[in-house]
Amino acid sequence: MGSNEFLVVANRLPVDKVGDHYEVSPGGLVAALAPVLRSRGGCWVGWPGNTSAELEPFEFNGISLVPVCLDQDDFEGFYEGFSNSTLWPLYHDLIVTPEYRQEWWERYVAVNEKFARATAKAAGKNATVWVQDYQLQLVPGMLRELRSDLTIGFFLHIPFPAPALFQQLPWRDEILSGLSGCDLIGFQRTTDEENFRLLTTDIRTGTFPISIDADEVQAATESSIRTLRNSLGNPKHVLLGVDRMDYTKGILQRLLAVEELLEEGELDDIAVVQLATPSRERIEHYRKTRTEVEQAIGRINGRFGQVGRPVVHYIHRGVSKDKLGTFYAAADIMLVTPFKDGMNLVAKEYVAAHPNGDGALVLSEFAGAAVELNQAYLCNPFDLGSVKAAIVAATNPDPARMRAMHDWVMEHDVTRWAQDFLEAL
Ligand code: ADQ
């Protein structure tokens, strides 16, 4: 038994090793939880992100970190396999076909056991443990067996599918029994919660839409916005996409919509900026998505670009928070078009960067964010006509809509999300 009174357990530690030191790593979960942990002073249990190091617990930026070390077989079976090639596509409504493999499942069980044991060791008497996301659905049940004194919460960051889909999973009973170790399970949307409750009503559940650390969205200066727009050739409309390169995000669909609008003469004098962080690149579907996106970008630039003035500006790298803030502030239209998304923090970050009512958000109905940001220009990414109509409408936006969404996001930030969940727990 340890002495920590509050523990976050997540697949990844909130840091990356860069050379011989650590840096806070980017991503939805980290953005969401780091501020909460700092203010409560707890510990974070997670994988350090590489399979080589055997690490001891250490302190970083006022948070104590408890590493769970994974070897290459764990990484391939638990992370790339069961988490991201079985559960990820299944929970995102089969955008690609999930693969069901016994050896991946066995790794998933073994790695969840590692997390549960490390957590049981670090937790003080009657501590509160908050387990995060689809990679660790067995941890609550295992932890309950090891430590009956703990209060255990779980938050699912991605959607929970309809029972008809979930029931495909050969290990569906084991997953439900793992989750039944929880005192409370939180979901992003009521539809996720309802889907889960159709399977079992024995566990307490709630809906807690995650949000952003609104203060972290850097206020961009006028001059940085001007410099950026100049470098894009001062077009009438700047359109922006910011995503992990993932097939759930509908990056190709938004490019195809723009291409058709250019072809039809419905849009002109535009620049599109697509920032896409590399993601899960050893998985075939991810490589295919990248290839399709890059082909479309090349084709669109070939058809509609000029020398020195492409239509689509594409960065396949992460960008710093402060540059990202300038992109958000400079963009007239933000394109968020996932086929399915638990929440989508990018949509909220964009809204936070537009305090004065300028800008327009084109948002998929299938993003969790669409529930709260219902003043966006909503679209159905499975219907290109609907994406095109939303983009055209967004070229002449109503400032009242952005103002209303801005006020909502500023009020409902990630601190409030965490407070709401932990109070309910
Ligand atoms: P993600 O699928 O990673 O998260 P999202 O919520 O959009 O999706 O978060 C991505 C984060 O990464 C954002 O904070 C964004 O700023 C950052 N980011 C993306 N591209 C970047 C780039 N090129 N450079 C720098 N930063 C970049 C999962 C779920 C979501 C859910 C979150 C949190 O899939 O639905 O909203 O968890 O619960």
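The values are calculated or read from the model by the stated rules, or taken from the named source; none is laboratory data. These numbers were taken from a predicted model, which means no experiment stands behind them. Glycine also receives a Cβ, built like all others from the backbone with ideal geometry; neighbour counts cover every protein chain displayed. Only protein heavy atoms, including side chains, enter the accessible area calculation; ligands, DNA and RNA are left aside. Shrake-Rupley method; radii C 1.70, N 1.55, O 1.52, S 1.80 Å.
Summary table
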| quantity | calculated |
| --- | --- |
| Viscosity 0.890 mPa s, temperature 25 °C, Stokes-Einstein D of region 80-195 from Kirkwood C-alpha radius, µm²/s | 169 µm²/s |
| Fraction of beta bridges assigned by DSSP in the chain that are antiparallel (%, nearest 5) | 15 percent |
| Per-pair calculated FRET efficiency, R0 = 45 Å: Phe60 and Ser180 via Cβ, rounded to 0.05 | 0.85 |
| List Tyr350, Tyr377, ordered by accessible area with a 1.4 Å probe, largest first | Tyr377, Tyr350 |
| GNM top mover of Thr201, Thr248, Thr277 - the chain, alpha-carbon springs below 10 Å | Thr201 |
| Gain upon complete extension [Asp322, Gln306; 0.36 nm per residue less C-alpha separation] | 2.8 nm |
| Relative contact order (percent, whole number), region 215-306, Cα cutoff 8 Å, 6+ residue spacing | 34 percent |
| Against the rule of thumb 2.2 N^0.38 Å, how large the Cα Rg of the chain comes out | 0.99 |
| Dipole of region 253-399 [Lys/Arg +1, Asp/Glu -1 at C-beta], most positive-end residue of Gly342, His316, Asn356 | His316 |
| DSSP-assigned coil residues among trypsin sites (Lys or Arg not before Pro) in region 166-215, each with at most 16 further Cβ atoms within 10 Å | Arg204 |
| Residue-span extension gain [Cys69 to Lys288] - 0.36 nm each, minus C-alpha spacing | 75.8 nm |
| GNM top mover of Arg226, Arg12, Arg290 - the chain, alpha-carbon springs below 10 Å | Arg226 |
| Heavy atoms of Thr86: accessible area, 1.4 Å probe, square angstrom to 10 | 0 Å² |
| Computed magnitude of the charge dipole of the chain (debye, nearest 20; Cβ of K, R +1, Cβ of D, E -1) | 380 debye |
| Accessible surface ranking that places the most exposed of Met402, Met410, Met142 first, with a 1.4 angstrom probe | Met410, Met142, Met402 |
| Cα-based helix-to-principal-axis angle, 251-263 vs the chain, degrees rounded to 10 | 10 degrees |
| Student exercise, region 282-376 dipole from Lys, Arg, Asp, Glu Cβ charges, in Debye to nearest 20 | 520 debye |
| Which of Phe366, Tyr91, Leu239, positive extreme of dipole for the chain (C-beta unit charges) | Leu239 |
| Shape category assigned to region 328-425 from the gyration tensor of Cα positions, a/c cut at 1.5 | oblate |
| Cα-based shape type of region 225-367, given that a ≥ b ≥ c are square roots of the gyration tensor eigenvalues and the cut on a/c is 1.5 | rounded |
| P(r), alpha carbons of region 72-124 - 10 Å bins starting at zero, rounded % | 27, 41, 24, 7, 0 |
| Three-way shape label, region 181-234, alpha-carbon gyration tensor, a/c 1.5 | prolate |
| Kirkwood Rh (inverse of mean 1/r, distinct Cα pairs), region 221-282, angstrom | 13.3 Å |
| Probe 1.4 Å, protein heavy atoms only - accessible area per residue of the chain in square angstrom | 41 Å² |
| In degrees, nearest ten, helix 384-394 long axis to first principal axis of the chain (Cα) | 70 degrees |
| Cβ-defined net charge surrounding Ala257, 12 Å radius [Lys, Arg +1; Asp, Glu -1] | -4 |
| Computed Rg/Rh of region 297-360, alpha carbon atoms with Kirkwood Rh | 1.02 |
| Highest-MSF residue in the chain out of Leu143, Leu55, Leu33 [GNM, Cα springs under 10 Å] | Leu55 |
| Extension gain (nm, one decimal) between Thr415 and Leu165, 0.36 nm per residue minus Cα-Cα | 86.7 nm |
| Efficiency of FRET between Asp383 and Val18 - r from beta-carbon atoms, R0 30 angstrom, step 0.05 | 0.10 |
| Angle between the chain longest axis and helix 321-330 axis [Cα atoms, degrees, rounded to 10] | 40 degrees |
| Cleavage-rule hits, GluC sites (Glu not before Pro), region 231-339, DSSP coil, Cβ neighbours within 10 Å at most 15 | Glu264, Glu266, Glu281 |
| Spacing of the two label points (7 Å from each Cα toward its C-beta) at Ile315 and Thr97, in nm | 3.8 nm |
| With DNA, RNA and ligands ignored, accessible area of Val272 (1.4 Å probe; Å², nearest 10) | 10 Å² |
| Accessible surface of Glu423 - all protein chains present, 1.4 Å probe, nearest 10 Å² | 150 Å² |
| Principal axis dimensions, largest first and in whole angstrom, of region 39-136 by Cα | 41, 28, 24 |
| Estimated 222 nm signal from helices in the chain, with DSSP H stretches of n ≥ 4 weighted -39500 (n - 2.57), rounded to 500 | -11500 deg cm²/dmol |
